[in-house]
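The values are calculated or read from the model by the stated rules, or taken from the named source; none is laboratory data. Just so it is clear, the structure is predicted and the values come from calculations on it, not from any experiment. Ideal geometry is used to build each Cβ from the backbone, glycine not excepted, and the neighbour counts take in all protein chains shown. Ligands, DNA and RNA are stripped out before the accessible areas are found, and what is left, the full protein with its side chains, is counted by its heavy atoms. Shrake-Rupley method; radii C 1.70, N 1.55, O 1.52, S 1.80 Å.
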Amino acid sequence: MTRERLTPIDAQTFWLAGKIPNDTVLLFGFAGGPADVARTLDGLESRARSCPELSVRVQDGGAWGYPRWVHRDVDRSQFVVHDLEDRTWAGCLAAVGALVDEQLDATDTAWRLHVFTDVDALPGVDGPGTVAVLQISHALGGGGRTSAHAALMFGRADVDLPAIHPRSIGPISLPLAGFRAARAHRRLMADVESGAVPAQAELRPLLRTNDRPSGPRSLRTVVRRRSELADATVTVAALSAVSAALGARLAAVGDDVSALGAEVPMTKPPPRLGYNHFGNVGVGLYPGLPGRVRIARITDDLAARRLRAGHQAMRAADLAFAATPATLLRWGMGKFDADVRPAAVTGNTVVSSVNCGAADFSFGGAPVALMTAFAGLSPMMGLTHVVGGVGDTVTIGVHAAESALGGPDGIDEYVAALGTALSDT
């Protein structure tokens with residue numbers, strides 16, 4: 001991919017990082033640790049060098065064209081071993097929290113691996129464990145794609161990285177693509193009116209989780225076996241638990257949670273036009289309903305969003321965006337003001353999912369025990385969740401500002417309630 005142009009969606013993600021931190025931060029916990037960390041890093045470095053997508057940086061040369069991927073040798077500067085003062089799991093998460101807001105400069109390096117050794121009380125691990133955190137530019141994709149990069153480094157033998165199919169941009173591309181998108185949109189409106197396609201999800205009233213984040217920011221995790229979750233998909237089980245725990249927490253501090261909803265990143269149908277190949281959809285959380293009924297309603301909402309996302313109008317809109325000239329998109333991103341506050345939002349929290357597949361990799365012989373990720377906060381989002389799965393272990397990574405959950409004890413009380421709700425749903 002050396003000297004390939006960033007696709008418009010990936011370039012937009014790269015430029016957005018200058019306004020709202022958006023690095024993908026993936027955490028892997030391993031049971032035990034290698035006898036020789038330096039030798040293990042040699043092996044990881046060699047495997048990373050074998051992946052073309054990890055041997056790049058961004059070159060952004062000016063106002064007229066799109067940034068480009070250019071070659072960058074993988075070297076030891078991309079592997080950082082941290083010496084923790086507090087070697088507990090909580091101390092490790094505090095150190096990882098500092099990384100979330102410390103953005104990479106993708107024009108220098110598009111990723112970095114942070115290693116924490118001899119971590120005590122790592123969930124599900126007897127004795128000290130190792131934590132490895134892959135921090136990677138979102139221009140290379142979200143957690144669903146970049147978790148494969150991490151698994152490759154950690155020794156997975158067969159790594160599937162779906163190819164992308166960028167569209168060429170020429171003088172005629174945008175008007176023609178725009179015409180086709182408008183025509184497809186008219187068809188969408190007709191299909192919505194006939195009931196063949198669901199209408200767009202309703203926006204949600206602002207709650208305190210949508211206030212500008214203030215106060216200390218914290219990371220927490222909730223770990224469960226897949227068999228301990230409700231008889232639903234992992235994502236639906238997590239959404240139902242978030243509904244119960246967050247609904248109760250926000251109601252207790254005075255918010256009206258009757259319209260509580262979540263923003264859920266959803267993978268788009270193939271083929272991929274860029275490394276970032278997803279859209280954010282709104283899903284109701286229904287905290288006032290009994291567990292089984294709530295699960296059914298959330299499942300129906302996700303099915304409706306997926307049906308709408310598969311309509312030809314969505315593909316046509318993506319193709320029109322993929323034809324956007326660089327000067328126009330740069331101008332638009334320059335005008336983007338992260339401080340503007342809308343009257344309503346897609347969701348009151350974010351719940352995303354990363355399935356890392358089988359537990360078939362290790363860190364210097366120490367088997368993987370858990371994985372999750374932490375999504376950054378934004379001026380309109382003070383609470384995010386990432387549901388990570390590896391093998392039969394599911395870990396929810398929670399990132400919250402103190403303001404989002406009602407005070408300094410809010411996150412611990414919320415995470416305890418989330419754990420209970422996961423067991424009850």
Original post:
Ignoring ligands, DNA and RNA, how do K268, K19 rank by accessible area with a 1.4 Å probe, largest first?
Top reply: K19, K268
Original post:
R76 versus R39, label points 7 Å from Cα toward the beta carbon: distance in nm?
Top reply: 1.6 nm
Original post:
For Y66, Y414, what's the largest-to-smallest order of accessible area, 1.4 Å probe?
Top reply: Y66, Y414
Original post:
What length, rounded to one decimal in nm, is gained on full extension from V253 through to R186, with 0.36 nm per residue of separation minus their alpha-carbon distance?
Top reply: 19.7 nm
Original post:
So what's the gap between the Cα centers of the stretch 1-43 and the stretch 266-314, to the nearest angstrom?
Top reply: 26 Å
Subject >> Per DSSP, loop GluC sites (Glu not before Pro) in the stretch 19-123 with at most 16 further Cβ within 10 Å >> reply: E85, E102
Original post:
Heavy-atom accessible area of I169 with all protein chains present, probe 1.4 Å, nearest 10 Å²?
Top reply: 60 Å²
Original post:
Between P271, N355, V387, whose Cα lies farthest towards the positive end of the dipole of the chain when Lys and Arg beta carbons carry +1 and Asp and Glu beta carbons carry -1, centred on the Cα centre?
Top reply: P271
**OP:** Using 0.36 nm per residue of separation minus the Cα-Cα distance, give me the extension gain between D360 and L176 in nm, one decimal.
**Re:** 61.6 nm
Subject >> Sites M266 and S168 - FRET efficiency at Förster radius 45 Å, r taken between beta-carbons, to 0.05 >> reply: 0.95
Original post:
Gap in Å between the Cα centre of the stretch 59-91 and the Cα centre of the stretch 162-231?
Top reply: 28 Å
Subject >> Residue-wise HN-Hα coupling along the stretch 291-301, computed from phi with Karplus coefficients 6.51, -1.76, 1.60 (Hz; x: Gly, Pro) >> reply: x, 5, 5, 4, 4, 5, 5, 5, 4, 5, 4
Original post:
How many percent of Cα pairs in the stretch 288-407 exceed 23 Å?
Top reply: 60 percent
**OP:** Report the local net charge at P290: Lys and Arg +1, Asp and Glu -1, summed over other residues whose C-beta lies under 13 Å from its C-beta.
**Re:** +2
Original post:
Quick one: Karplus J couplings for the stretch 258-265, per residue in order, coefficients 6.51, -1.76, 1.60, θ = phi - 60°, nearest Hz, x for Gly and Pro?
Top reply: 4, 10, 3, x, 10, 9, 10, x
Subject >> For the stretch 103-220, the spread of Cα positions along each principal axis, largest first, Å >> reply: 61, 40, 30
Subject >> Per residue accessible area in Å² of the chain, where ligands, DNA and RNA are left out and the probe is 1.4 Å >> reply: 43 Å²
Subject >> Over the chain - Rg/Rh using Cα atoms and the Kirkwood inverse-distance radius >> reply: 0.96
Subject >> F278, F179, F154, reordered so the largest accessible area comes first (probe 1.4 Å) >> reply: F179, F278, F154
Original post:
If the viscosity is 0.890 mPa s and the temperature 25 °C, what translational diffusion coefficient in µm²/s does Stokes-Einstein give for the stretch 34-187 when Rh comes from Kirkwood over Cα pairs?
Top reply: 134 µm²/s
**OP:** Any chance you could tell me what percent of the C-alpha pair distances in the stretch 1-95 go past 17 Å?
**Re:** 66 percent
Subject >> Alpha-carbon Rg with Dmax, taken over the stretch 165-285, Å >> reply: 19.8, 56
Original post:
Taking all protein chains as present, what is the carbon and sulfur share of the accessible area of the stretch 123-202, in % to the nearest whole number, probe 1.4 Å?
Top reply: 53 percent
